[in-house]
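What follows is a single structure, written as structure tokens, with notes after it.
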Amino acid sequence: MTSGSAPHGNMALSMELMELRCWGGGWGLPSVHTESLIVLAYSKFSGAQVTASPIDWTWKTLSATVPELVCGESSVTDPTQILNFLRKQRFNADYELTARQGADTLAYIALLEEKLRPALLHTFWVDAENYANVTRPWFASHSPFPLNFVVPLRQANIAHSRILLTKGVYPLNKIDEIEAKLYSDAKECLNLLSYRLGTANYFFGSSPTSLDAFVFGFLAPLYKAGLPSSPLQSHLSQLENLTQFCDNILAVHFSSSEPSSPPSVQETKDANLQKLTQLVNKESNLIEKMDDNLRSSSPQHRPHRPEPKPSLANENNSTPA
């Protein structure tokens, strides 16, 4: 992990737009998506000028692989590959790590993937109460019609299969038999992270590194989501140094410059209604003009036209917001 290059340095690349296609923000987070959060956090830590481009309310919610970093003609997916790409461009948050710390980073990331990710997938996508009240409504409300019916179910199926493949369970309908083991492993992982972090703000020294980005990406959604049923969230809330770790990163690195996200669903509906009303008004005015022209072409038929009453659409438009 040791490198002689400075963390911020490739002026040519910094002048070229780097766009991160990701899921948008919610629950007080810049993104609700673990992998997207990892890349967003690392870009902050390394000084990379990355512009978040949420896929919310687009057809990419079904087809896109996120996160995806697009820079010029280059396109990279998967957090590990994206972080490697940024390091090659000299955006390196790990440049001060020793070889031992670099090895520890890889070991803890592997621990997150093996022990914590399956339980997180179960918490958000398999637990019926959480899925019905939190996960499905969020992803459905951030997907366009008719994908709002498809995207949550597709993501749930992917999560279900990933849990079983990670744990090597066969047949594929025996997930209930490993649920207790999933959460036991996840709580053990959280305990190890809490012990390793101790009273420090970050895992290695006074500056955040890629390990901090991965831990933040895994923990923040679990910490911030309003889950009605989650023993794992309850366990995390008891590990105050980990919740303070998440709060610190949000306050220091995201409070003043959160990635822009599309407008809310209600704002989008209001904007569409306003556009529709304007279109109807224009069509109505055009029809009236055509009618006036037709009547004016017949001098013997020029009845007196009273002042038109304002339409309901116009009344609505004239009402202050």
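The values are calculated or read from the model by the stated rules, or taken from the named source; none is laboratory data. Computed from a prediction, not measured in an experiment: that's the story for all the values here. Protein only, heavy atoms only, side chains kept; ligands, DNA and RNA dropped before computing areas. Shrake-Rupley method; radii C 1.70, N 1.55, O 1.52, S 1.80 Å.
The largest accessible area among Trp125, Trp27 belongs to the first residue in Trp27, Trp125, and the rest follow in falling order (1.4 Å probe, all chains). Figure note: Ser31, Ser255 ranked by solvent-accessible area, largest first, 1.4 Å probe, ligands and nucleic acids not counted: Ser255, Ser31.
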